[in-house]
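What follows is a short report on a single structure.
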Amino acid sequence: MIPQQSNAWLELEKRFKEAFSDYAKRERAQDELKKLKIKNDNLDEYLATFETQALCADIDMNNHTNLRTFALGLPRSLTDARIKMENPKTYEQ
(Lines give C-alpha, C1' and ligand atoms only; values in the text may rest on other atoms or scores of the structure.)
Protein backbone atom coordinates (compact mmCIF):
# COMPACT_ATOMS: atom_id res chain seq x y z
CA MET A 1 0.00 0.00 0.00
CA ILE A 2 1.22 3.44 -0.92
CA PRO A 3 0.21 6.32 1.35
CA GLN A 4 -2.19 8.80 -0.31
CA GLN A 5 0.18 11.77 -0.28
CA SER A 6 3.20 9.78 -1.48
CA ASN A 7 4.76 9.25 -4.90
CA ALA A 8 5.05 5.58 -5.95
CA TRP A 9 8.70 5.92 -7.04
CA LEU A 10 9.73 7.72 -3.85
CA GLU A 11 8.00 5.05 -1.78
CA LEU A 12 9.76 2.31 -3.77
CA GLU A 13 13.14 4.02 -3.27
CA LYS A 14 12.49 4.40 0.46
CA ARG A 15 11.58 0.74 0.89
CA PHE A 16 14.51 -0.39 -1.24
CA LYS A 17 16.96 1.57 0.92
CA GLU A 18 15.38 0.13 4.08
CA ALA A 19 15.66 -3.42 2.74
CA PHE A 20 19.23 -3.11 1.48
CA SER A 21 20.84 -0.63 3.85
CA ASP A 22 24.42 -1.26 4.90
CA TYR A 23 24.15 -2.34 8.51
CA ALA A 24 27.87 -2.92 8.91
CA LYS A 25 28.94 0.56 7.72
CA ARG A 26 29.44 1.86 11.26
CA GLU A 27 31.48 -1.13 12.37
CA ARG A 28 33.70 -1.00 9.27
CA ALA A 29 34.34 2.70 9.86
CA GLN A 30 35.33 1.97 13.48
CA ASP A 31 37.73 -0.74 12.29
CA GLU A 32 39.22 1.64 9.71
CA LEU A 33 39.78 4.26 12.43
CA LYS A 34 41.71 1.76 14.52
CA LYS A 35 43.96 0.88 11.54
CA LEU A 36 44.36 4.44 10.24
CA LYS A 37 47.95 5.74 10.16
CA ILE A 38 49.39 8.95 8.74
CA LYS A 39 51.12 8.42 5.38
CA ASN A 40 54.01 10.45 3.95
CA ASP A 41 53.63 13.02 6.75
CA ASN A 42 50.42 14.23 5.06
CA LEU A 43 48.53 15.57 8.05
CA ASP A 44 45.73 17.12 5.97
CA GLU A 45 44.89 13.78 4.37
CA TYR A 46 45.01 12.05 7.76
CA LEU A 47 42.69 14.64 9.30
CA ALA A 48 40.22 14.42 6.42
CA THR A 49 40.19 10.62 6.47
CA PHE A 50 39.85 10.50 10.25
CA GLU A 51 36.97 12.96 10.22
CA THR A 52 35.17 11.12 7.41
CA GLN A 53 35.52 7.75 9.12
CA ALA A 54 34.50 9.22 12.48
CA LEU A 55 31.31 10.59 10.94
CA CYS A 56 30.55 7.20 9.37
CA ALA A 57 31.25 5.50 12.70
CA ASP A 58 28.96 7.99 14.45
CA ILE A 59 31.75 9.06 16.83
CA ASP A 60 31.59 12.36 18.69
CA MET A 61 34.88 13.98 17.76
CA ASN A 62 34.56 16.49 20.60
CA ASN A 63 34.67 13.69 23.17
CA HIS A 64 38.16 13.67 24.71
CA THR A 65 38.25 9.87 24.87
CA ASN A 66 38.45 9.77 21.07
CA LEU A 67 41.69 11.76 21.14
CA ARG A 68 43.56 8.52 21.87
CA THR A 69 42.20 6.91 18.70
CA PHE A 70 43.29 9.98 16.77
CA ALA A 71 46.77 9.99 18.35
CA LEU A 72 47.41 6.31 17.61
CA GLY A 73 47.66 7.07 13.91
CA LEU A 74 50.22 9.83 14.33
CA PRO A 75 54.01 9.40 14.43
CA ARG A 76 55.38 9.08 17.96
CA SER A 77 57.27 12.40 17.80
CA LEU A 78 54.15 14.32 16.84
CA THR A 79 52.11 12.56 19.52
CA ASP A 80 54.69 13.44 22.18
CA ALA A 81 54.65 17.11 21.10
CA ARG A 82 50.86 17.08 21.18
CA ILE A 83 50.77 15.71 24.73
CA LYS A 84 53.09 18.48 25.93
CA MET A 85 50.66 21.13 24.66
CA GLU A 86 47.72 22.29 26.72
CA ASN A 87 44.87 19.82 26.86
CA PRO A 88 42.26 20.70 24.22
CA LYS A 89 38.58 20.75 25.11
CA THR A 90 37.27 20.01 21.63
CA TYR A 91 38.40 18.27 18.44
CA GLU A 92 38.84 21.59 16.64
CA GLN A 93 41.26 22.88 19.27
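The values are calculated or read from the model by the stated rules, or taken from the named source; none is laboratory data. Values in this document were obtained by computation on a predicted structure and should not be read as measured data. We place every Cβ from the backbone using ideal geometry, glycine too, and count neighbours over all the protein chains shown.
Some observations on this one:
- Taking each residue of the range 33-45 that is outside any helix (DSSP H, G or I) and looking for partners that are modelled with pLDDT under 90 with beta-carbon atoms closer than 7 Å, six or more apart or interchain, yields LEU36/GLY73; LYS37/GLY73; ILE38/GLY73; ILE38/LEU74; ILE38/PRO75.
- Every condition in (1) of a type in the set (Val, Ile, Thr); (2) at pLDDT 85 or above; (3) within 15 Å of GLU92 (Cα to Cα) is met by ILE38 except one, and the failing one is (3).
- Contact map, the range 61-82: residues that are of a type in the set (A, V, I, L, M) and at pLDDT below 80 paired with residues that are assigned to a helix (DSSP H, G or I) and loosely packed, with under 13 Cβ neighbours inside 10 Å, Cβ distance under 9 Å, separation 6+ or inter-chain. Pairs shown: LEU78/LEU43.
- Residues located in the range 1-36, provided they are surrounded by fewer than 12 Cβ atoms within 10 Å (Cβ to Cβ), closer than 30 Å to THR69 by Cβ and among the polar types (S, T, N, Q): SER21
- Only residues that are assigned to a helix (DSSP H, G or I) and aromatic (Phe, Trp, Tyr) were counted in the range 5-31, giving 2.
- Applying the condition of being of a type in the set (Gly, Ala, Ser) and assigned to a helix (DSSP H, G or I) to the range 46-59 and asking which residue is surrounded by the most Cβ atoms within 10 Å (Cβ to Cβ) yields ALA54.
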